[in-house]
Amino acid sequence: MLWKSLSFSELSLNELYDLLKLRVDVFVVEQNCPYPELDDKDRHAQTQHLLGLNEQGVIQAYARVLAPGVSYPDASIGRVIVADSARGGGVAHTLMQKAIAISTKKWPEHNIQLGGQEHLKAFYQQQGFEPVSEMYLEDGIPHIDMLRVTKVEA
């Protein structure tokens, strides 16, 4: 798997199209959840789009790494996704490790927060995140806020 971390302006038109198609295919179609997929967070100057591409250059994994203050007071990771054809082989764990590394390098003074689907709580806990909210519905799907403490207290 080839990994790329790009800002919005660094994405090629084909990369942008392919990552948006993957997000819609899974989050909207597969999960049968119509919601406003496009938001201005994709274009934020500090947002990093993490792409995992197979040998043919097809995006198999994606995560969006957001600066502090964009979604939460801390840095955050969202739109975590692995294509159906790439699931079950550890790609999601590698994706999260790389997203965490990007966040801690860019914003070492901040923790990392995410709003994950509740059924993935154990997966995110394996990545060092702990629940910080009760379950809530987002677009009709149970979610939970989780926090990974990375900053060192003085």
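What to note about this one:
- Ordering 26, 149 by accessible surface, largest first, gives 149, 26; the 1.4 Å probe counts only protein heavy atoms, with every chain in place.
- Theoretical ellipticity at 222 nm over the chain - DSSP helices of four or more residues, -39500 (n - 2.57) apiece, nearest 500: -6500 deg cm²/dmol
- Unit charges on C-beta of K, R, D, E only; dipole of the range 1-87, Debye: 120
- Charged side chains reduced to their Cβ positions (Lys and Arg at +1, Asp and Glu at -1) give the range 23-73 a dipole of some 180 debye around its Cα centre.
- Projected area averaged over orientations for the chain, convex hull of C-alpha atoms, nm²: 9.0
- In the context of the full set of protein chains, the chain has a per residue accessible area of 54 Å² (1.4 Å probe).
- Probe 1.4 Å - accessible area at residue 35, Å² to nearest ten: 50
- On the basis of the beta-carbon distance and an R0 of 25 Å, residue 40 and residue 3 show a calculated FRET efficiency of 0.50.
- The count of lysine pairs in the chain whose Cα atoms are under 20 Å apart, excluding pairs fewer than 8 places apart on the same chain, comes to 14.
- Distance from the C-alpha centroid of the range 25-50 to that of the range 59-124: 13 Å, rounded to the whole angstrom.
- With DNA, RNA and ligands ignored, accessible area of residue 94 (1.4 Å probe; Å², nearest 10): 50
- Taking N as the residue count of the range 86-154, its C-alpha radius of gyration divided by 2.2 N^0.38 Å amounts to 1.18.
- Relative contact order of the chain, pairs being alpha-carbon contacts under 8 Å that are 6 or more residues apart, as %: 18
- With all protein chains modelled, accessible area of residue 137 [1.4 Å, Å²]: 120
- Here the spin labels are modelled as points 7 Å beyond Cα on the Cα-Cβ line, and at residue 29 and residue 16 they lie 2.1 nm apart.
- Of the accessible area of the range 93-132, computed with a 1.4 Å probe over protein heavy atoms only, carbon and sulfur atoms account for 49 percent.
- Of 135, 146, the order by accessible heavy-atom surface (1.4 Å probe, DNA, RNA and ligands excluded), from most exposed downward, is 135, 146.
- Computed over Cα pairs, the Kirkwood radius of the range 48-133 leads via Stokes-Einstein (0.890 mPa s, 25 °C) to a diffusion coefficient of 184 µm² per second.
The values are calculated or read from the model by the stated rules, or taken from the named source; none is laboratory data. Predicted, not measured: the structure shown is a model, and the values here were computed from it. Cβ: placed from backbone, ideal geometry, glycine included. Neighbour counts: every protein chain shown. Areas reflect the complete protein model, heavy atoms only, side chains present, ligands, DNA and RNA absent. Shrake-Rupley method; radii C 1.70, N 1.55, O 1.52, S 1.80 Å.
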